[in-house]
Amino acid sequence: MTFLNIALLAGGLTFLIPLLIHLLNKRKVVTVRWGAMHLLHEVIRQKKRKMKIEQLLLLVTRVAVPIILALCLARPVLTALRSLGMGSSSLIVILDDSFSMRAPAENSAAPGASVADQARADLQQITEGLPSGSAAQVVLSGGSPRQLLDQPTTALDLVPKKLAEVSSMSGPVLANEAFQAATSALKDAPNAAREIVVVSDFQEADWKAIADGAALPALENLSKQEPKPQITFYRIGSDLAENLSIATADLSALVAAETQPIGIRIRIKNHGKRPWQDIPVHLEADGARLRTARVSLAPEGEAVLSFTHAFEKVGDHSLSIRLEGDSFAEDNAFHSIVQVRNQLNVLLIDGKPGAMPLEGATDFLELALTPHTAVANTLKDLIRTRKVDLRKLRDDDFKQAEVIILANVEKLQGRAFSDLDKFVKAGGGLLIFAGPECDIDWYNRELHKKGEGLLPAAIQGQVRAELADAPARILRQRLTHPSVLYFNDARGGRLQDAEFRHWLEFAPPSNEGTQRILNLDRNVPLLLEKKYGQGRVIAAATTANAEWSNLPLQPFFVPLMQRLTTYLATEGSAPAWQVVGSTLRVNLEKAELGSEYLLRDPTGQTQMLKSQQEGEKVFLQSPPISQPGIFQLQKTGSDKVTLLAFNTDNAESDLKPLPADQIKKIAERHDASFADSLPAYQSLDRTRRHGSELWQPLLIALLALLFLEVLLQQRIARG
């Protein structure tokens, strides 16, 4: 046994006070003999013995009261757990450093401190309280989990110093991946006694599914380890209940021509319970504010706004939306980069030209990609098309093309096929449309090559919907691919209006780099994409004309084809925007190996990046980006500046925390503890590290003694 406040044990010496009073007040008995005394002698003797026992009990009770009171104040604890190695331990902290941690902290001692600031301050006190010989490691869990230090350190003052250098990243927190990273960190733990503390604001968006019963396999595996680590969920709350954010933003085109209007549609979300009136929303281009609109929002309501702007010069341009009104400004802006080009060259290879207008395999495509040219409009088309009959395809037709589209092509022979393969590997884009002329055996044998060729998936055959059956339609779902994000809003076009009577059925993709862009409601893909070398291939299960579906007759066919084409043409370029927390990665030519680039952030701070090589690829990669805004990338010795945009993850804007009782349920389900303040955690830690504190039962004993003293005193007085 030991004492947390051993100096207060000296208060136990006050037991001498009732002892001295008892001795000083002890009465001297005078014996007086009289005649009938012998008749009462036995009765008096027995009563005198009983009174002595009662007075002795009263004395013992009064002496025990100050002693037990001193023990309570000294806070004794059992020390049996020290033999299990709890003197020094290895502490692994899973620290939520997602963007929501930048919100103001609840009941913070420092005015204006964020949840992240409070977490760092608490962690400093926690590490300072670790016994000598303990080691600590921090797993940062915002976005992709990563370790703060190369390995656990016994230099505990290093942890707060390193944390001060780390900015909050974008989320969301991936709990299972975070516990996997903690498991990996435990392998390097030098002490047998191990502790894991999850420090987070426990945002409901991140933890709700787990509270509802979703599995945490990594945490379950941790609980089975021997010796079992002590696990604590430590919640740090935010007092920010109201927040506005730009939930989504969609651009009408990924690339534009000079003077071609670009549309941007934004959805503003009110995450709180109060209404907002006349919130200013600003449109900015290249850092200059162009116009302002105002919007009102109901409690937990939404509003949609649209802006348009045309750029006059070729090059990279920034386009931003900002809103004003709330105190959490980090998610009140959206930034994007618009590439303005003279033209984009697309080669259309027609497998079956038509004798009449719109009968050919590529006729609808030509109209969709150059709508202004087709109607002799004064507006300029970004895309320039060149149509070639498959039977007249020449060796030099691929030159200057940035995207090649095959429509109802039976097969490619000789040099045309090898040139197409080289074109995509070098970074070109390929869009393949099906058709009745396609030789399925050749496509599987030469284009798919068991997953190693151009085709994203093998073709199992053709499927036809009978006239009596309902046609297939595009599956209604949340779209995530960059080329079709614009159609999540019905105002971009109702994809479900397209009807399909005939399509190719692709086999399940065998390549990890293959993904579905659009699906039919028959649980089959309509558009599949595959990364191939430096380029990409998109395969469509339908025709580009109206032979198999009415897709080309739909109003959204024009923006869909343009977005697919510009997406393929800009594969080698930086994306329009990325999420804060991700790394900047730019592919370079082999000749640029070893070259240096200067990266300038929105505040003007710079860092030098050096190109590196991995296999055959030469690229430039930055550390994770920790703030939103427009960045500038410039090669040393060059005047050309590449613009890059980073935005917060919109999942971070809903700051609503998971209720404490639900966090406790998660903890109880995994045999873990819960704390919502530093004192609560320190109390848990003392109990686990030193043993169980005994002041509570001693306090009960003290109250019992005081009650016993009153009873004895009354009994003696009556006697």
Those residues that are farther than 13 Å from Pro525 by Cα and in contact with an Asp or Glu (Cβ under 6 Å, 6 or more places away or on another chain), I need them from segment 463-480; list them, please. Pro471
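What strands (runs of 3 or more DSSP E), lying completely within segment 209-296, carry at least 1 residues that are within 30 Å of Leu186 (Cα to Cα)?
Values: elements: 230-235, 244-251, 255-257, 262-270, 276-285.
Output list reads 230-235.
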Restricting to segment 382-418, give me the number of residues that are within 24 Å of Thr370 (Cβ to Cβ), hydrophobic (A, V, I, L, M, F, W, C) and over 45 Å from the mean Cα position of the chain (by Cα). 3
Based on what the data block shows, is Glu529 in a strand (DSSP E or B) and either within 29 Å of Ser170 (Cβ to Cβ) or modelled with pLDDT of 90 or more (or both)? yes
Any residue that is surrounded by 21 or more Cβ atoms within 10 Å (Cβ to Cβ) and of a type in the set (Gly, Ala, Ser) - is there at least one of those in segment 369-379? no
Return yes when Ser638 is outside any strand (DSSP E or B) and farther than 30 Å from Lys425 by Cβ and no when it is not. no
Test: Glu359 is touching a strand residue (DSSP E or B) at 6+ places or on another chain (Cβ under 8 Å) and of a type outside the set (A, V, I, L, M, F, W, C): no
All positions within segment 332-388 that are touching a helix residue (DSSP H, G or I) at 6+ places or on another chain (Cβ under 7 Å) and small (Gly, Ala, Ser): Gly351, Gly354, Ala368, Ala374
Output the residue which, of all residues in segment 480-497 that are assigned to a loop (DSSP other than H, G, I, E, B) and in contact with a Phe, Trp or Tyr (Cβ under 8 Å, 6 or more places away or on another chain), is nearest to Val579 (Cα to Cα). Pro482
State whether the residues of segment 188-199 include one that is under 20 Å from the mean Cα position of the chain (by Cα) and part of a helix (DSSP H, G or I). no
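The values are calculated or read from the model by the stated rules, or taken from the named source; none is laboratory data. All figures in this text were calculated on a predicted structure; none of them were measured in a lab. Glycine also receives a Cβ, built like all others from the backbone with ideal geometry; neighbour counts cover every protein chain displayed.
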